[in-house]
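Just below is one structure, and these are the notes that go with it.
FYI, it's all coordinate maths here, none of it is from the lab. Worth saying up front: this structure is predicted, and the values here are computed from it rather than measured. Here the Cβ is made from the backbone with ideal geometry for all residues, glycine too, and neighbour counts use every protein chain on show.
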Amino acid sequence: MGPKDLREFLQAIEASGDLVTVNDEIDWDEELSGLGRLSCERQGPAFMFNDVKDYDGWRVTTNPIATWRRMAIALGLPADTPVRKLYEIYAERETATIPPVIVKDGPCKEVTIVGDKLDLFDLPTPMIHEGDGGRYLGTWDLVVSKSHDSDWANWGMYRFMVHNEKYLTGYPRPTSHLGKMLLDGYVPKGKPMPIAIVIGADVASHFAAAATFHLNRNEADLAGGLGGRPVELVKCLTNDLMVPATAEIVIEAEVLPDGIAQEGPYGEYPGYRSGEMGDALCCRVTGITHRRNPILTVDTTGFMDSSATTTTISGAIAIKRRLEKHGIPVVDVYVPPEGGVHLAIVSVKRGGAETAKKIVEVLTQRRALMSKIIVVDEDVDVFNIPAVLHAFATKCHPERGTHIHTYTGRANALTPAYSQEERAKRLGASVAFDVTWPPEWPVGTTPVRATLDQMHASAMQKKVLDRWQSLGLK
Ligand SMILES: Cc1cc2nc3c(=O)[nH]c(=O)nc-3n(C[C@H](O)[C@H](O)[C@H](O)COP(=O)(O)O)c2cc1C
Ligand SMILES: [Mn+2]
């Protein structure tokens, strides 16, 4: 079972040496996020900042899940669990959903603020990067919304920026489930859409919010599966939405059906500041509730952030399921966090040009997040980046091995390689690199890899391995 709330998770990563506590004063204005940023780039620890300038009584934690070690602990596993194993366990738990339970009260209600007392500047919201459009409150969050005409309660992780004391502006993409709910249900009727921006819930709930999950299905069930226990939900103060009861902070708000506000730019997950300030949805805060001595969690978004670790695991599993559904003989899929959620590595039982072409088509049919797909033979371990790089450098034919697929209207507007014009028109392309031996080459004519396991007979391999062991080598 995973940790029951954020505090239990933080204790666990402190015990394993993956959390560093800072008791000296630190500035919310770029300083604490700067430390968090450097830690992502160096695969260092999460931080707990106990003394944030101007914000007595508040604490800030950066990048809860920016390493596989912290992901493992979040899933209730040993910190050194191999990535392949994490993928297997995550995929298993995704299919074993557990519905939430409703409780009457919870720690997230220890302090409640409504009416004139509401002021977003009372929260220690950091200025994360120089050049951001403002202070970002929602980075590692969980945003609850409910369908206008059904019981579907969606959870998504979307960025939100402080606009003024009582207004926030946010960037759920129009293709996100929140975006669809708003545009299909509330905007046509001219009704405000209630939302709850939840910060510091149990980690499994945040995984569920960031996961690639079905339309019309509740991520709360997925959170139960991932954490191995039902999530406890409690009703909001100023609307009927249900939120995780152990959350550190809950911002209750309503999205205006007929108002917009300026949002961005923001240092984003591909590892670059993306775009200009632009029109975005606008929300009026209706209530704030929080735990005593609350902890604001922050993802210092950019290269190797929490988003890279979290979204790549559920994204890769979704890609594998999708390829299987389309009859591709897929073995493994890995989306390495170093690729900024733009690169997928797919191993297949039988490769070749037709397979590579089909893979790039299938993976760009609806949304097109991956711009590079490396297709390898199954004897290449997709989790072993040096092995993948070796195969790519040697086996991909520069001309016949490159399969480009272009599309309009669904390109990822955050892809750094696209020009401003391409982004505006959502024009893009994805490429599959075929790093497999052509299936039409006669058996026995493909080059043999010069490795111990391929170039030597099994008797010699055994002899060498025995000698290796007797030399005391690992
Ligand atoms: C730290 C983090 C930040 C994210 N920020 C955004 C965002 O601002 N806008 C967005 O559309 N998706 C964002 N995502 C990705 C979504 O959470 C993800 O696509 C999720 O599946 C959305 O849920 P939905 O399918 O219910 O819309 C973010 C993910 C993470 C991990
Ligand atoms: Mn959803």
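As a ratio to 2.2 N^0.38 Å, the alpha-carbon radius of gyration computed for the chain takes the value 1.03. Dipole magnitude for the chain: computed about the Cα centre from +1 point charges on Lys and Arg Cβ and -1 point charges on Asp and Glu Cβ, it is near 1720 debye.
Structural size metrics of region 335-474, computed from C-alpha coordinates, are Rg and Dmax of 18.9, 63 Å.
Checked against a 22 Å cut-off, the cross-linked pairs Lys117/Lys146; Lys146/Lys320; Lys191/Lys425; Lys320/Lys349; Lys320/Lys358 give Cα-Cα distances beyond that limit for Lys117/Lys146; Lys146/Lys320; Lys191/Lys425. Dipole check for region 326-435: with +1 at the C-beta of Lys and Arg, -1 at the C-beta of Asp and Glu, and the Cα centre as origin, the magnitude is about 520 Debye. Electrostatic bookkeeping for Leu241 treats Lys and Arg as +1 and Asp and Glu as -1; over the other residues with beta carbon under 11 Å from its beta carbon, the sum is -1.
Extension gain, Ala424-Asp24: 0.36 nm per intervening residue step, less the Cα-Cα distance, totals 139.5 nm. Equivalent-ellipsoid semi-axes for region 7-103 (Cα gyration tensor, √(5λ), whole Å, largest first): 29, 17, 11. Divide, for region 176-319, the radius of gyration over alpha carbons by 2.2 N^0.38 Å, where N is the residue count. Dividing the Cα radius of gyration by 2.2 N^0.38 Å gives 1.11.
The label-point distance for Ala417 and Glu361, in a model that sets each label 7 Å from Cα toward Cβ, rounds to 2.1 nm. Ordering Ile328, Thr309, Thr286 by the projection of their Cα atoms onto the charge dipole of region 265-357, which places +1 on the Cβ of Lys and Arg and -1 on the Cβ of Asp and Glu, puts Ile328 at the extreme positive end.
Rounded to the nearest 20, the size of the Cβ-charge dipole of region 303-350 about its Cα centre is 360 debye, with Lys and Arg at +1 and Asp and Glu at -1.
When the P(r) of region 51-141 is calculated, the portion above 19 Å amounts to 65% of the C-alpha pairs.
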